[in-house]
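Inspection log for the structure reproduced underneath, given as structure tokens.
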Amino acid sequence: MRVKGLTNAAQGANTGKNTVPLQPQLIRGSILVPFNWSMTINPGDSDATIVTNLQTALKSLLTNNSYGSRGFFIGPYETYDDKMEPPTEQTLGYGKKVETNRAVYNDEFVFDEGGLDYFKSVLTFRGKTSTYKRLDIDLAGNVGGCCTFDSNGNFTGIAGYTLSRLYPHDRKNPNKSIEAEYRIAYTLDNSAEYNENNCTIETGVDMIGFVQNLGINDVNIVPTGPMVAHVATFVITAEDGGINLALTLPALMVLGNFVFTNTTTNLTLTPTGMAISGNTVVVTFNTADPHWSAGETVQVSLASVSTVFGSVGGYYESIGTNVANVVMVA
């Protein structure tokens with residue numbers, strides 16, 4: 001394993017060739033990382049330590065309890081379209097050519113795994129160039145990004161590439177000859193990050209498989225109707241595919257995996273029981289709960305990603321409109 005990019009290009013470099021050169025392969029997937037995210041790398045560490053630290057950092061990033069601090073894997077990519085714009089030049093009066101603008105990297109990738117549900121998730125990142133940067137993972141397990149340096153020009157680690165465009169295209173419908181096509185386009189904001197400041201970590205492992213196993217599944221919690229005699233019934237499904245989790249993941253249906261919040265006071269209620277009934281989940285509340293108040297609303301959501309993982313060994317979350325709200329009754 002090697003880290004390529006330890007030399008600050010501004011300080012100069014020699015041109016001797018290594019007998020085992022590191023060659024970038026086809027990019028197979030990307031990770032959208034929070035804008036200020038970076039990982040510290042100590043070049044003196046062993047190969048195994050750097051790989052372990054990288055995997056630990058990416059696991060922490062991709063499964064972070066806080067959505068705003070989380071990274072997101074996009075892919076795997078099936079095809080790549082290089083729409084790079086060449087550098088522009090100006091010819092002066094005596095024939096001298098001057099570069100007026102560096103090349104612009106426009107990368108477009110097609111992905112098809114996950115279908116329409118996954119595409120709709122990717123679509124939520126459209127235009128968020130001030131929120132996310134991009135790391136790349138290629139076929140060989142190399143992880144690419146931008147080098148970071150301290151004030152003295154010493155290498156400190158890796159960050160994502162800054163983007164000026166992050167655009168999941170509208171989907172393209174299938175016909176008799178082609179499948180439905182889902183495409184995402186990126187434009188790099190700074191060509192230097194991709195060239196003289198490029199940092200590539202050669203891991204020697206299947207990094208695509210590693211990060212794919214860290215995906216968090218959105219969960220929908222929907223009440224079947226109003227609360228009756230302090231008992232509420234819910235249908236709980238996976239957003240991706242609409243799979244009923246009461247049937248396929250019954251271990252999730254325990255009180256410790258959920259949070260029950262009075263939306264008026266923002267205080268937590270403690271139900272007395274949760275049970276699976278057919279394809280629904282029945283929750284019994286305690287009207288003697290000090291935070292119970294008839295006419296107010298209780299919001300039902302999953303507990304933190306780490307709490308749920310500790311219970312079922314998988315990554316699940318309910319956010320935004322995926323939570324349930326029911327009115328408490330006397």
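The values are calculated or read from the model by the stated rules, or taken from the named source; none is laboratory data. Remember, predicted model here, so these are calculated numbers, not experimental data. Here Cβ is always computed from backbone atoms with ideal geometry, including for glycine, and neighbour counts include all displayed protein chains.
Condition check ((1) among the hydrophobic types (A, V, I, L, M, F, W, C); (2) at pLDDT 95 or above; (3) under 20 Å from GLU196 (Cα atoms)) across all residues:
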{"site": "GLY29", "(1), (2), (3)": "no, yes, no"}
{"site": "PRO34", "(1), (2), (3)": "no, yes, no"}
{"site": "LEU61", "(1), (2), (3)": "yes, yes, no"}
{"site": "ARG70", "(1), (2), (3)": "no, yes, no"}
{"site": "TYR80", "(1), (2), (3)": "no, no, no"}
{"site": "TYR94", "(1), (2), (3)": "no, no, no"}
{"site": "ALA103", "(1), (2), (3)": "yes, no, yes"}
{"site": "PHE111", "(1), (2), (3)": "yes, no, no"}
{"site": "ASP136", "(1), (2), (3)": "no, yes, yes"}
Exercise for the section: Please specify each residue of the stretch 196-213 satisfying the condition of being touching a strand residue (DSSP E or B) at 6+ places or on another chain (Cβ under 8 Å), within 23 Å of THR148 (Cβ to Cβ) and not in a strand (DSSP E or B). Expected result: ASN197, THR203, MET207, VAL211
Practice task
Take the stretch 295-330 and flag every residue that is over 17 Å from ILE236 (Cβ atoms), free of Cβ contacts under 8 Å to residues at least 60 places away in the same chain and among the β-branched types (Val, Ile, Thr).
Solution key: THR297
Handout entry: Test: residue in the stretch 141-159 that is under 21 Å from GLU78 (Cα atoms), of a type outside the set (Gly, Ala, Ser) and outside the structural domain of ILE276 (by TED's automatic domain parsing)
Key = yes
Practice task
With the condition kept exactly as written, say whether any residue in the stretch 204-214 is modelled with pLDDT under 95 and over 30 Å from LEU116 (Cα atoms).
Solution key: yes
Handout entry: Residue check for LEU255: within 29 Å of GLY75 (Cα to Cα) and out of contact with any Phe, Trp or Tyr (no Cβ under 6 Å at 6 or more places or on another chain)
Key = no
Problem - Of all residues in the stretch 63-114 being among the hydrophobic types (A, V, I, L, M, F, W, C) and within 16 Å of PHE125 (Cα to Cα), the one that is surrounded by the fewest Cβ atoms within 10 Å (Cβ to Cβ) - result: VAL110
Practice task
Could you check, for the stretch 314-324, whether at least one of its residues is under 30 Å from VAL51 (Cα atoms) and out of contact with any Leu (no Cβ under 8 Å at 6 or more places or on another chain)?
Solution key: no
Exercise for the section: Select, from ILE208, ILE201, ILE137, ILE221, the only residue that is in contact (Cβ under 8 Å) with a residue 24 or more places away in the chain, over 30 Å from THR88 (Cβ atoms) and not assigned by TED's automatic domain parsing to the domain that holds LEU62. Expected result: ILE221
Handout entry: Residues being over 18 Å from ILE137 (Cα atoms) and in a strand (DSSP E or B) - total across the stretch 69-86
Key = 1
Practice task
Test GLY160 against the criterion of being touching a helix residue (DSSP H, G or I) at 6+ places or on another chain (Cβ under 8 Å), touching a residue at least 12 places away in the same chain (Cβ under 8 Å) and not hydrophobic (A, V, I, L, M, F, W, C), and give yes or no.
Solution key: no
Practice task
Report, by residue number, each residue of the stretch 52-68 that is more than 10 Å from the chain's Cα centre (by Cα), in a helix (DSSP H, G or I) and not aliphatic (A, V, I, L, M).
Solution key: THR52, ASN53, GLN55, THR56, LYS59, SER60, GLY68
